[in-house]
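Worksheet: the structure to be examined is printed underneath.
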Amino acid sequence: AMEKALKNEGYQLIFVNNGKEGLSAVKKHKPDLIFLDLRMPVMGGLEFLKKIKIKHDDPYAVVIITGHGDDEDITECYGLGVNNFLRKPLSMTEICAIAKRCLLCKQDEAELKTYRDNLEGVINKQTKKIQDQLYFVETLLNSVPTPIYIKDKTLKLIDCNKAFASWINLPKE
C-alpha cells in the first residue's frame, strides 16, 4: 500500500528486507527519506538507527513505522534523531503528507545551511577588512613623531603611539 501511494506521488523507491541491507542501501543510494520499521530480521530498526548516527545536517529524514512501539521506543527513537514516529495501521494520506513534509524540511535545512555558510564568508571578509584597516591606523599612528594617546568615554587611557610611550618613558603596554 505504501509503495503504491508513494509511487502515485512520484517518489522513486528502494526497498530492503532488514537493517543490514538498509545500511548498504543508505551508503549506495543516498536517500532523501527513510521509512524504517522497528521490527526487522537480521538487524532491527533501533540498531540501524544507532549505526547510522543521524545528525541534523544529514541529507535524509527518518520516519519510524511500527505496530509494536511503546513510549520507551518512541523516546529512544526521537533521541536517536528520527523525524516522525507512526504506528500501524497506517493512513496512506498521512504517509504521503509526512513524506512531503519531511522532504520540504530537509530542503529548507539545506537552504539555511547555504545561507549560513555564505553569511560566515561575508562576516570573515568584513572582519579581515576591519583588521586590515586597524593595522593601517596603528601603523599610521606609530609613524607619527607627535605623541598621541587615546582615552575611552570614562577618560581611561586605552592606547597610545610609540612617540607617546617614549615621551612618558614607559612601555606602550
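General observations
- Every residue from region 72-114 that is under 24 Å from residue 40 (Cβ atoms), of a type in the set (Ser, Thr, Tyr) and not in a loop (DSSP other than H, G, I, E, B): 75, 78
- Identity of the residue in region 75-86, more than 14 Å from the chain's Cα centre (by Cα) and within 19 Å of residue 33 (Cβ to Cβ), that ends up surrounded by the fewest Cβ atoms within 10 Å (Cβ to Cβ): 78
This table checks each residue for (1) over 25 Å from the mean Cα position of the chain (by Cα); (2) among the acidic types (Asp, Glu); (3) open to solvent by 70 Å² or more (accessible area, probe 1.4 Å).
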position: 99; (1), (2), (3): no, no, no
position: 133; (1), (2), (3): yes, no, yes
position: 148; (1), (2), (3): yes, no, no
position: 164; (1), (2), (3): yes, no, no
position: 173; (1), (2), (3): yes, yes, yes
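- Filter result for residue 69 (part of a loop (DSSP other than H, G, I, E, B), touching a Phe, Trp or Tyr at 6+ places or on another chain (Cβ under 8 Å), touching a residue at least 24 places away in the same chain (Cβ under 8 Å) and open to solvent by less than 60 Å² (accessible area, probe 1.4 Å)): yes
- Helices (runs of 4 or more DSSP H) lying entirely in region 1-60 (those with 3 or more residues that are out of contact with any helix residue (DSSP H, G or I) (no Cβ under 7 Å at 6 or more places or on another chain)): 2-8, 19-29
- If only residues of region 32-58 that are of a type outside the set (A, V, I, L, M), surrounded by 13 or more Cβ atoms within 10 Å (Cβ to Cβ) and under 18 Å from the mean Cα position of the chain (by Cα) are counted, the one that is farthest from residue 111 (Cα to Cα) is 32.
The values are calculated or read from the model by the stated rules, or taken from the named source; none is laboratory data. All values reported here derive from a predicted model rather than from experimental measurement. Reconstructed Cβ throughout: ideal geometry from the backbone, glycine too, with neighbour counts over all protein chains shown. Ligands, DNA and RNA are excluded from the accessible area calculation, which covers all protein heavy atoms including side chains. Shrake-Rupley method; radii C 1.70, N 1.55, O 1.52, S 1.80 Å.
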